[in-house]
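Please treat every number below as a calculation from the coordinates, not as lab data. In this text, all values refer to a predicted model and were calculated from it rather than measured experimentally. All Cβ positions, glycine included, derive from the backbone under ideal geometry; neighbour counts span all protein chains shown.
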Amino acid sequence: MIFKQLFDKASCTFTYLLADFDSKETLFIDPVDNHIDDYLALLEQYNLKLKYSFETHVHADHITASGLLRQTTGAKTGIGLHCRAGTADYQLEGDETFNLGSSTIKTIATPGHTAGSMSFLWKDKLFTGDTLFIGGCGRTDFQNGNAGDLFDSVTKKIFTLPGETLVYPGHDYKGNFVSCVYQEKTSNPRLSGKTRDEFIEIMDKLNLPVPKLINEAVPANLYCGIDEEEALQIADSSEFSQSNKDRRGVQGVINQAKQQVKQVDLATAKKMIQADDVIILDVREKNEFELGFIENAIHIPRGEIKTTVESLIPANSKDKSILIYCASGNRSALAGQIMQDLGFSNVTSLVGGYNAWKKDY
Ligand SMILES: [Fe+2]
């Protein structure tokens with residue numbers, strides 16, 4: 001196996017890379033968007049195949065890189081059903097199993113910090129997100145959190161695992177990296193030896209400030225960090241950029257894609273279509289496509305291009321003109337980059353996307 005514990009200093013978030021040594025199949029847990037380049041470099045360094053990118057919950061303090069990873073590698077995203085992040089590929093309910101080569105990841109529903117919080121068990125390692133920290137636990141006062149549920153999740157599901165099970169939390173603010181079930185059961189000041197009512201009282205009295213990024217991060221993460229125009233618009237807003245100067249994440253990747261992929265305006269796109277020598281590719285999600293599309297467009301959601309394009313666009317069309325559109329022109333630029341990587345030499349992205357097209361008709 002290959003196992004990495006990565007750390008985002010800005011939000012004190014741990015991200016985990018889990019990989020099966022033989023098959024190279026890999027899972028990220030809780031990736032952070034402005035580290036996307038590091039993640040891609042790691043995958044390349046160890047020649048890994050990213051199969052999944054899962055979230056322990058919808059985060060309020062950082063934006064996930066899951067959507068970007070899906071876009072770049074074709075990895076499937078997963079998150080708790082009750083997080084209501086509808087664009088994730090897997091809506092997890094607990095007790096599911098996923099394979100990385102011959103090893104298995106088990107999902108455990110651990111509501112409390114948020115209603116949709118999940119923990120993941122892989123071999124002797126448990127990834128607890130914000131359900132259980134080393135010597136603490138996540139807050140329960142927003143996102144449908146519930147202190148009683150958190151107490152039940154920890155005492156009935158986590159503390160019943162073998163004591164030597166290693167506990168890898170979603171955050172640590174004190175320089176700790178790993179603990180184990182026995183250690184938390186016997187010494188976690190919030191939970192060890194406490195009754196349910198005592199725990200609820202402790203949580204009720206915390207009076208924590210609202211996380212700085214909550215208004216930006218939560219809506220964006222509901223779309224896997226990037227998978228909807230809404231998330232991109234949030235990332236575009238000047239308020240967001242100012243609050244997060246160093247972010248190379250969403251906006252940086254999009255800007256780079258726009259430089260690399262030829263951008264065409266609506267008038268040019270129409271001429272291309274009229275000349276009838278263009279393949280039109282719609283890269284929006286299924287629910288958006290179903291509400292309307294440009295006639296004759298081939299539909300491949302951006303996250304599925306790598307795995308699907310060969311079956312829908314013949315290999316002998318690699319030098320043919322391909323006009324890509326999404327809702328507003330961000331995802332299509334990213335998709336254009338993927339198409340170029342796949343060897344399509346003549347791709348263009350429609351500025352303003354389907355929104356501009358629709359306005360004109
Ligand atoms: Fe959280």
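Using R0 = 35 Å, the C-beta based FRET efficiency linking ASP95 and ASP197 works out to 0.75. Near the amide H of LEU281, within less than 5 Å, lie the amide hydrogens of ILE298, LEU323, ILE324, TYR325, all on another chain or at least 5 residues away, with H placed in the peptide plane. Note that the stretch 314-320 has calculated 3J(HN,Hα) couplings of x, 4, 7, 9, 5, 9, 6 Hz, one per residue in order, obtained from phi through the Karplus relation 6.51 cos²θ - 1.76 cosθ + 1.60 (θ = phi - 60°); glycine and proline are x. Backbone geometry of the stretch 64-69 corresponds, through the Karplus equation with coefficients 6.51, -1.76 and 1.60 at θ = phi - 60°, to 3J(HN,Hα) couplings of 6, 9, 4, x, 5, 5 Hz, x marking Gly and Pro.
Derived scalar couplings between HN and Hα for the stretch 273-287 equal 5, 4, 6, 6, 10, 10, 8, 9, 10, 9, 10, 6, 6, 4, 5 Hz in order, rounded to whole Hz, by the Karplus curve 6.51 cos²θ - 1.76 cosθ + 1.60 (θ = phi - 60°), x for Gly and Pro.
The slack in the chain from GLU290 to LYS262, taken as 0.36 nm per residue of separation less the alpha-carbon distance, amounts to 7.4 nm. Only Cα pairs under 8 Å and 6+ residues apart enter the sum, and on that basis the relative contact order of the stretch 60-166 stands at 19 percent. With K and R counted +1 and D and E -1, the other residues having a Cβ less than 11 Å from that of LYS156 yield a net charge of 0. Taking amide H as placed 1.01 Å from N in the peptide plane, THR165 has its amide H under 5 Å from the amide H of VAL181, TYR182, each at least 5 places away in sequence or on another chain.
For ILE2 and LYS156, what does the FRET efficiency come to when R0 = 30 Å and r is the distance between their Cβ atoms, rounded to the nearest 0.05?
On the way: r = 32 Å, r/R0 = 1.07.
So, using R0 = 30 Å, E works out to roughly 0.40.
Summed over qualifying helices (DSSP H, 4 residues or more, each -39500 (n - 2.57)) and divided by its residue number, the chain shows a 222 nm mean residue ellipticity of -8500 deg cm²/dmol.
Footprinting exposure proxy ranking of MET203, MET118, MET339, fewest other C-beta atoms within 10 angstrom first, gives MET203, MET339, MET118. If you plug the beta carbon distance of LYS270 and SER102 into 1/(1 + (r/R0)^6) with R0 = 56 Å, you get a FRET efficiency near 0.60. For the chain, set up a GNM with springs between Cα atoms under 10 Å and report which of ASP341, ASP152, ASP130 has the largest fluctuation. With Cα springs under 10 Å in the chain, the top fluctuation among ASP341, ASP152, ASP130 is at ASP341.
Extending 7 Å from the Cα toward the beta-carbon at both LEU208 and ASP38 defines two label points whose distance is 2.2 nm.
Entry for the chain at q = 0.08 Å⁻¹: log10 I(q)/I(0) = -0.42, Debye formula applied to identical alpha-carbon scatterers, no solvent contribution. Put in order of Cβ neighbour count within 10 Å, fewest first, the listed residues CYS83, CYS12 become CYS12, CYS83.
Let's see if you can work this out: charge +1 on each Lys and Arg Cβ, -1 on each Asp and Glu Cβ, no other charges. What is the dipole magnitude of the chain about its Cα centre, in debye to the nearest 20? It would help to have the intermediate numbers written out before the result.
Values: 37 positive and 48 negative charges, 87 e Å.
The calculation lands at about 420 debye.
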